[in-house]
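Okay, so here's the structure we're looking at.
The values are calculated or read from the model by the stated rules, or taken from the named source; none is laboratory data. What you see is a predicted model, and the numbers here were worked out from it, not measured in a lab. So basically every Cβ, Gly included, is an ideal-geometry build from the backbone, and we count neighbours across all protein chains shown.
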Ligand code: ZN
């Protein structure tokens, strides 16, 4: 990954951290879960409201480093409106992007802001900061 891309990814992360999407509690909600990353001290609570069509609303309350907050913000954007099945599939694919053995070869531009999270692969100590919100979302969704 070249330095220009790394800078771009940093900008996306910092922008989401400063101006997070869907931050706050959801009321009413159908599911919620809490996540904690002891390596960095990040905390997140993820709320979902599931309806007939899937994840109608999703929100988070998070404290911690810029990567953890940006990841939660990017996640809410990427998940809102998906069927629960598609949401689970996206959680799996993001997990693979972040922790898979192979550096992703797919065209990262199709991922939009999600591509910024892939940049975290270069900093193994920070991967848990990026995956925390996604694991927490998985726990907040109704069981399969
Ligand atoms: Zn962190």
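Based on what the data block shows, is residue 26 more than 16 Å from the ligand (Cβ to nearest atom), closer than 19 Å to residue 132 by Cβ, assigned to a loop (DSSP other than H, G, I, E, B) and touching a residue at least 24 places away in the same chain (Cβ under 8 Å)?
Working: more than 16 Å from the ligand (Cβ to nearest atom): yes; closer than 19 Å to residue 132 by Cβ: yes; assigned to a loop (DSSP other than H, G, I, E, B): yes; touching a residue at least 24 places away in the same chain (Cβ under 8 Å): yes.
Yes, satisfied.
Take residue 81 and decide whether it is more than 16 Å from the ligand (Cβ to nearest atom), under 18 Å from residue 23 (Cα atoms) and touching a residue at least 24 places away in the same chain (Cβ under 8 Å). Lay out the reasoning, then the answer.
Values: more than 16 Å from the ligand (Cβ to nearest atom): yes; under 18 Å from residue 23 (Cα atoms): yes; touching a residue at least 24 places away in the same chain (Cβ under 8 Å): yes.
Judged against the criteria, residue 81 is a match.
Return yes when residue 50 is at pLDDT 95 or above, buried (at least 16 other Cβ atoms within 10 Å of the Cβ) and not in a loop (DSSP other than H, G, I, E, B) and no when it is not. Can you show your working first?
Working: at pLDDT 95 or above: yes; buried (at least 16 other Cβ atoms within 10 Å of the Cβ): yes; not in a loop (DSSP other than H, G, I, E, B): yes.
Yes.
In contact (Cβ under 8 Å) with a residue 40 or more places away in the chain and either more than 10 Å from the ligand (Cβ to nearest atom) or within 17 Å of residue 113 (Cβ to Cβ) (or both), is that true of residue 72? Steps first, answer last, please.
On the way: in contact (Cβ under 8 Å) with a residue 40 or more places away in the chain: yes; either more than 10 Å from the ligand (Cβ to nearest atom) or within 17 Å of residue 113 (Cβ to Cβ) (or both): yes.
Answer is yes for this residue.
Would it be correct to say that residue 97 is in contact with a strand residue (DSSP E or B) (Cβ under 8 Å, 6 or more places away or on another chain), more than 16 Å from the ligand (Cβ to nearest atom) and within 21 Å of residue 138 (Cα to Cα)? I'd like the intermediate steps shown before the answer.
On the way: in contact with a strand residue (DSSP E or B) (Cβ under 8 Å, 6 or more places away or on another chain): no; more than 16 Å from the ligand (Cβ to nearest atom): yes; within 21 Å of residue 138 (Cα to Cα): yes.
When the stated conditions are applied, residue 97 does not pass them.
Looking at (1) away from the ligand (no atom under 16 Å from the Cβ); (2) crowded, with 22+ Cβ neighbours inside 10 Å, can you tell me which one residue 67 breaks?
Failing condition for residue 67: (1).
Give the residue that is nearest to the ligand (Cβ to nearest atom), with candidates limited to residues of the range 110-127 that are under 27 Å from residue 54 (Cα atoms) and in contact with a helix residue (DSSP H, G or I) (Cβ under 9 Å, 6 or more places away or on another chain).
Filtering the range 110-127 for residues under 27 Å from residue 54 (Cα atoms) gives 110-118.
Filter again for in contact with a helix residue (DSSP H, G or I) (Cβ under 9 Å, 6 or more places away or on another chain), leaving 111-118.
Details: 111: 21, 112: 22, 113: 18, 114: 18, 115: 19, 116: 15, 117: 13, 118: 16 Å.
So, considering only residues that are under 27 Å from residue 54 (Cα atoms) and in contact with a helix residue (DSSP H, G or I) (Cβ under 9 Å, 6 or more places away or on another chain), the one nearest to the ligand (Cβ to nearest atom) is 117.
When the residues of the range 72-87 are narrowed to those that are touching a helix residue (DSSP H, G or I) at 6+ places or on another chain (Cβ under 7 Å) and in a helix (DSSP H, G or I), which ends up surrounded by the most Cβ atoms within 10 Å (Cβ to Cβ)?
Here is the first cut: in the range 72-87, the residues touching a helix residue (DSSP H, G or I) at 6+ places or on another chain (Cβ under 7 Å) are 72-75, 78-79, 82, 87.
Add one more test, that the residue is in a helix (DSSP H, G or I), and what stays is 72-75, 78-79, 87.
Details: 72: 32, 73: 24, 74: 26, 75: 30, 78: 20, 79: 25, 87: 23.
Among those that are touching a helix residue (DSSP H, G or I) at 6+ places or on another chain (Cβ under 7 Å) and in a helix (DSSP H, G or I), it is 72.
Would you pick out the residues in the range 88-144 that are surrounded by 15 or more Cβ atoms within 10 Å (Cβ to Cβ), over 11 Å from the mean Cα position of the chain (by Cα) and not in a helix (DSSP H, G or I)?
104, 141
Looking at the range 126-144, I want the residues that are in contact (Cβ under 8 Å) with a residue 60 or more places away in the chain and have a partner that is assigned to a loop (DSSP other than H, G, I, E, B) and surrounded by fewer than 22 Cβ atoms within 10 Å (Cβ to Cβ) with Cβ atoms under 6 Å, at least 6 apart or on another chain. Which pairs are those?
These pairs meet every condition: 128/39; 129/40; 129/65.
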